[in-house]
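The values are calculated or read from the model by the stated rules, or taken from the named source; none is laboratory data. Since this is a predicted model, take the numbers as computed values, not measurements. Cβ coordinates were reconstructed from backbone atoms using ideal geometry, including for glycine residues, and neighbour counts include every protein chain displayed.
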Amino acid sequence: MGSPVKARDAQKFVTVSGLLRGAGSAGCRDMRDVKDTLRALVRIGYDGRVFKTFRGPKADERFANEVRVLRHLEDRGCLFVPRLIEADPEELCIVTTNCGSRVEHLDDVRRDEIFAQLEKYGVRHDDAEMRNITYRKSDGRFCVIDFEFATILADADKKPDMPQ
């Protein structure tokens, strides 16, 4: 499930374990923490990539689920979620693209609409909270992050008919 990036892409990126494991490595100093909880450490590199290390109860299951869901969404052409760049099952770390800044204010109706859009791609988020919505300035799009508790729906084999 947590296989490395395809060979053609692997040369572009430093491995997750090499970047996050070594204390004092230049890579760790070049990141800022954005979330540090019992369940995860999330850092953003100054190049914009997001590094998430899973920890705590059932970390391996949550890691595997997030990897599976992100791959599923990418396969279906969902453009408002992070792209999985690398997954390291030994270190329980993923590297993804950055989907912008966290949203501070949004009404409940709009929040629900954003999460409902995922269902067109065969995914229910299962943690549909404001903290999991970001805003990407580059294309003016609200995005959804953090899929460790998400569910791939039973009828997820079909691709959505509607453009994003």
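Where strands (runs of 3 or more DSSP E) sit wholly within the stretch 16-74, those with at least 1 residues that are surrounded by 15 or more Cβ atoms within 10 Å (Cβ to Cβ) and modelled with pLDDT of 95 or more occupy 40-45, 50-54. State yes or no: is PHE115 more than 18 Å from LEU84 (Cβ to Cβ), in a strand (DSSP E or B) and within 16 Å of the chain's Cα centre (by Cα)? The answer is no for PHE115.
How many residues, within the stretch 40-61, are out of contact with any helix residue (DSSP H, G or I) (no Cβ under 9 Å at 6 or more places or on another chain) and without any contact (Cβ under 8 Å) to a residue 40 or more places away in the chain?
The qualifying residues number 9.
Selection within the stretch 118-144: residues that are assigned to a helix (DSSP H, G or I) and either free of Cβ contacts under 8 Å to residues at least 12 places away in the same chain or over 16 Å from the mean Cα position of the chain (by Cα) (or both). The member of this set that is nearest to ARG39 (Cα to Cα) is GLU119.
Restricting ARG124, ARG110 to residues that are of a type in the set (D, E, K, R), touching a helix residue (DSSP H, G or I) at 6+ places or on another chain (Cβ under 9 Å) and more than 13 Å from LEU79 (Cα to Cα) narrows the list to ARG124. Identify all residues within the stretch 94-129 that are loosely packed, with under 13 Cβ neighbours inside 10 Å, among the aliphatic types (A, V, I, L, M) and within 30 Å of PRO57 (Cβ to Cβ); write none if there are none. Hit for the stretch 94-129 is ALA116, nothing else. Selection within the stretch 138-163: residues that are touching a strand residue (DSSP E or B) at 6+ places or on another chain (Cβ under 8 Å) and over 16 Å from ARG62 (Cβ atoms). The member of this set that is modelled with the lowest pLDDT is ALA156.
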